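The values are calculated or read from the model by the stated rules, or taken from the named source; none is laboratory data. Just so it is clear, the structure is predicted and the values come from calculations on it, not from any experiment. All Cβ positions, glycine included, derive from the backbone under ideal geometry; neighbour counts span all protein chains shown. Areas reflect the complete protein model, heavy atoms only, side chains present, ligands, DNA and RNA absent. Shrake-Rupley method; radii C 1.70, N 1.55, O 1.52, S 1.80 Å.
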Amino acid sequence: YSRGLATHHFGNKAGLLRALAGFVNSTFMELVQARSPQWRPGMDALKGFVSVYLARPDGDWVNTRALLALMSEAVTQDSETVQVLAEYNLSVQKHLARYIREGIDNGEMRADVDPMTGALLFLGTLRGMMLQVLLNPAGVDLELVHSQMLAFVENALACAPSA
């Protein structure tokens, strides 16, 4: 990219990255928002988020690929990029933590789960899985990953049935 072009349109490289992260986030959240009225707060919403992340009907991973490439580059080269992407990750983590907190509050998720830590674990799992898919699409059965991730969410967070 041209530094002059980034400066002209976004102020600096960090502004360009914020705009890109914002675009990726808003595009993904539009998909989430389109489906979220169907979800009950808590477990259902968390599983819905996972489904939007892993089971897009169009198979369009362009934004995911761009985000993962930025993250990979950021941790090796540029502290300014790290800060921008860390802020973005924190916003997604807070969104997922809200789902977990709602599930704890409504009694369907274990009370000993820390919402922010649980959110971090799920976000890391989803991003890591997508990295595997993008590296070797033929070697990953995404439908199976999707169904097993939903079962994992349920098994990791659900309250034990009362005796």
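Expressed as a whole percent, how much of the Cα-Cα distance distribution for the stretch 1-66 exceeds 19 Å? Don't skip to the end; give the middle numbers.
Working: 1005 of 2145 pairs.
Above the 19 Å cut-off, the stretch 1-66 has 47 percent of its Cα pairs.
Using the basic label-point model (7 angstrom from Cα toward the beta carbon), what is the H146 to A66 distance in nanometres?
If labels sit at H146 and A66, their model points lie 2.3 nm apart.
Using just the C-alpha positions of the chain as equal point scatterers, what log10 of I(q)/I(0) does the Debye formula give at each q in 0.08, 0.10, 0.16 1/Å?
-0.27, -0.42, -0.98
Work through the residues other than E87 whose Cβ is under 14 Å from its Cβ and net out their charges, Lys, Arg +1 and Asp, Glu -1. Each step should come with its number before you reach the end.
Values: positive: R18, K94; negative: E80.
Once all neighbours under 14 Å are counted, the net charge is +1.
Can you pull the one-decimal nm distance between simple spin-label points at H95 and R110, each 7 Å off the Cα toward Cβ?
2.6 nm
Can you compute the FRET efficiency between A138 and T7 using 1/(1 + (r/R0)^6), with r the Cβ-Cβ distance and R0 = 41 Å? Round to the nearest 0.05. Numbers along the way, then the final one.
Numbers: r = 41 Å, r/R0 = 1.01.
Result of the calculation: an efficiency of 0.50.
Would you mind telling me the share, in percent, of accessible area of the chain contributed by carbon and sulfur at probe 1.4 angstrom? Could you put the intermediate results ahead of the total?
Values: 5350 of 9270 Å².
C and S atoms contribute 58 percent here.
Determine ³J(HN,Hα), in whole Hz, for all residues of the stretch 116-128 in sequence, where each value follows from phi through the Karplus function 6.51 cos²θ - 1.76 cosθ + 1.60 and θ = phi - 60°; x replaces Gly and Pro.
Result, ordered by residue: 5, 5, x, 4, 4, 4, 5, 4, x, 5, 5, 5, x Hz.
Would you mind getting me the FRET efficiency between T117 and F23? Use the beta-carbon distance for r and R0 = 41 Å, nearest 0.05.
On the way: r = 28 Å, r/R0 = 0.69.
About 0.90, to the nearest 0.05.
Can you give me the long-range amide H partners of M109? Hydrogens built in the peptide plane at 1.01 Å from N, cutoff under 5 Å, separation of 5 or more residues or another chain.
I104, C159
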